[in-house]
Amino acid sequence: MDPLLLGGIVAVLTILVLFSGVSVAIGLLIVSAGFLIVFDGPRSLELMPEILFGKLDNFALLSIPMFIIMGASIASTRAGADLYEALERWLTRIPGGLVVSNLGACALFAAMSGSSPATCAAIGKMGIPEMRRRGYPDGVAAGSIAAGGTLGILIPPSVTMIVYGIATETSIGRLFLAGVIPGLLLVGLFMAWSLYSTWRSGDAARLGSGSYTWAERFEILPRVLPFLAIIIGVLYAMYGGIATPSETAAVGALLCLVIAVVIYKLWNPRDLWVVLRDSTKESVMILFIIAAAGVFSYMLSSLFITQSIAEWIGTLEVNRWVLMAAVNVFLLIAGFFLPPVAVILMAAPILLPIITTAGFDPIWFAVVLTINMEIGLISPPVGLNLYVINGIAPDISLRTILLGSLPFVACMILAIVLLCLFPGLATWLPNLVMGGAI
């Protein structure tokens, strides 16, 4: 059978299996085993255990559960509320400052936790009621938190970037650095839209109401600065050549647990057990998907699907930006239905040869892919962040939350366009810190 036709059949059956409700990892294993049996015979299954466990035999994978523990220990405390309150006290006099402080809190909390739903829940519980009380439109209040929560998969340390680095054998340190400037760009675009929408709504002076003394502003800082110091310390240790990503993640997880116990009195062993239990569940889910995706990639390569697609793309006489536009549409559609980790692990083996053949930088592409995944988090039909916000504020309709999120989707699309026009936004900092592109 023609490999391209076979690839189309694999894609259709994979989508059907995943839509059946089976878990992503199990679905990938079912599809992989089925096609290997049909085309390579039953004996091909003997390689599956070796590939499955071999994919997990990677020291860099240790950073995933460590960063997840780091985020879970933060999410289990009042750190999000304190972070929100600190920014509110410092920015509240700015017209529209409350929504700006919410976005800033989302960005910082996302950097600490790496989880979009956790960021939405932690900041939204405090921010949405307060913004509505001050007179902000429901759409702005809900949409800004939903969009701000997506920053967790772009701003380092990012579990999604780690997964991409492992799937494509790309430097995780470079990927983290590549997400810094685009992450700040998105925060800036989100804030600019929020300030404009606040000004357009009318009574900007009332929306900026609130007064805190300097003593009250400085009083909150000791509860926030330790977490910020951990983020800076982790990134400094990683890029200063002091430790590997896995080692810095382990130290960061330990320090976050210590802060949760010392500052936020997380003494109860039952509470600590919940943090470790939930972190283990999420880590195992991600690692299982990584292992299953390794088998799926082997199946695609064994049947010459990946090679044939890359060769076919190379023969197309189309502008490479037309090709990139098609890839973005594919990623957007995939992100509407699947979680970011699953999309990266399934698509990377196919897309990486295509984008490198077309002359695109894989580090730059990682940022573009991640922003596409962010759009999926606030877009139906899955749109996980939309449902998290709806759970926090059930009296705000899902339609209102969605409409409030759409301007931020436009900001993300604008960010992708800017990255295409100025690739250095993603590649300049990694090359500056770690030397020329590899």
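The values are calculated or read from the model by the stated rules, or taken from the named source; none is laboratory data. All values derive from a computational prediction rather than experimental measurement. Glycine also receives a Cβ, built like all others from the backbone with ideal geometry; neighbour counts cover every protein chain displayed. Side chains included, ligands, DNA and RNA excluded: accessible areas come from the protein's heavy atoms. Shrake-Rupley method; radii C 1.70, N 1.55, O 1.52, S 1.80 Å.
Taking first residues from the stretch 1-29 that are free of Cβ contacts under 8 Å to residues at least 40 places away in the same chain and closer than 19 Å to Ala291 by Cα and partners that are of a type in the set (Ser, Thr, Tyr) and open to solvent by 50 Å² or more (accessible area, probe 1.4 Å), no Cβ contact under 6 Å between residues at least 6 apart in sequence or on separate chains turns up.
Scanning the stretch 344-353 for residues that are among the β-branched types (Val, Ile, Thr) and surrounded by fewer than 24 Cβ atoms within 10 Å (Cβ to Cβ) yields a single hit, Ile350. The helices (runs of 4 or more DSSP H) found entirely in the stretch 362-436 that carry 3 or more residues being under 27 Å from Leu235 (Cβ atoms) and within 15 Å of the chain's Cα centre (by Cα) are 362-377.
Evaluate the following for Tyr298: is it over 22 Å from Thr150 (Cβ atoms), among the hydroxyl-bearing types (Ser, Thr, Tyr) and not in a helix (DSSP H, G or I)? So Tyr298 fails the test. Being open to solvent by 50 Å² or more (accessible area, probe 1.4 Å) and under 23 Å from the mean Cα position of the chain (by Cα) is a property that holds for Ile15. Of everything in the stretch 208-244 that is farther than 23 Å from Asp82 by Cβ, hydrophobic (A, V, I, L, M, F, W, C) and not in a loop (DSSP other than H, G, I, E, B), the residue that is modelled with the lowest pLDDT is Met238.
Restrict the check to the stretch 57-71 and report whether at least one residue is free of Cβ contacts under 8 Å to residues at least 60 places away in the same chain and out of contact with any helix residue (DSSP H, G or I) (no Cβ under 7 Å at 6 or more places or on another chain). Looking through the stretch 57-71, at least one residue is free of Cβ contacts under 8 Å to residues at least 60 places away in the same chain and out of contact with any helix residue (DSSP H, G or I) (no Cβ under 7 Å at 6 or more places or on another chain). Close Cβ contacts (under 7 Å, 6 or more residues apart or on different chains) running from residues in the stretch 135-162 that are at negative phi and surrounded by fewer than 24 Cβ atoms within 10 Å (Cβ to Cβ) to residues that are of a type in the set (A, V, I, L, M, F, W, C) and assigned to a loop (DSSP other than H, G, I, E, B) comprise Asp138/Ile396.
Of all residues in the stretch 416-437, those that are farther than 27 Å from Leu332 by Cα have Cβ atoms under 8 Å from Cβ atoms of residues that are at pLDDT below 90 and not in a helix (DSSP H, G or I), 6 or more apart or on another chain, in Asn431/Ala437; Met434/Ser171. Among the conditions (1) at pLDDT below 85; (2) closer than 24 Å to Leu184 by Cβ; (3) open to solvent by 30 Å² or more (accessible area, probe 1.4 Å), the only one that Gly335 does not satisfy is (3). Annotation for the stretch 419-437: no member residue is of a type in the set (Val, Ile, Thr), out of contact with any helix residue (DSSP H, G or I) (no Cβ under 9 Å at 6 or more places or on another chain) and either modelled with pLDDT of 85 or more or surrounded by 15 or more Cβ atoms within 10 Å (Cβ to Cβ) (or both). Residue count for the stretch 363-378 under the criterion of being open to solvent by 10 Å² or more (accessible area, probe 1.4 Å) and over 14 Å from Ile162 (Cα atoms): the result is 1. Contact annotation: no residue pair with Cβ atoms under 6 Å, 6 or more positions apart or on different chains, pairs a residue in the stretch 384-398 that is among the charged types (D, E, K, R) with a partner that is part of a loop (DSSP other than H, G, I, E, B). Could you grab me the full set of residues in the stretch 231-261 that are open to solvent by less than 40 Å² (accessible area, probe 1.4 Å), of a type in the set (Val, Ile, Thr) and either in contact with a Gly (Cβ under 9 Å, 6 or more places away or on another chain) or without any contact (Cβ under 8 Å) to a residue 12 or more places away in the chain (or both)? Selection gives Ile231, Val234, Thr248, Val261. Where helices (runs of 4 or more DSSP H) fall entirely within the stretch 24-112, none has at least 2 residues that are touching a Lys or Arg at 6+ places or on another chain (Cβ under 6 Å) and open to solvent by less than 10 Å² (accessible area, probe 1.4 Å).
Residues in the stretch 163-197 that are open to solvent by less than 20 Å² (accessible area, probe 1.4 Å) and in a loop (DSSP other than H, G, I, E, B): Gly179 only. Candidates Met66, Met48: the one that is modelled with pLDDT of 80 or more, farther than 15 Å from Ile289 by Cβ and touching a Phe, Trp or Tyr at 6+ places or on another chain (Cβ under 9 Å) is Met48.
Residues checked against (1) under 24 Å from Leu419 (Cα atoms); (2) at pLDDT 80 or above; (3) of a type in the set (D, E, K, R):
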| position | (1), (2), (3) |
| --- | --- |
| Trp273 | no, yes, no |
| Val284 | no, yes, no |
| Ile290 | no, yes, no |
| Thr315 | no, no, no |
| Met324 | yes, yes, no |
| Leu345 | yes, yes, no |
| Ile354 | yes, yes, no |
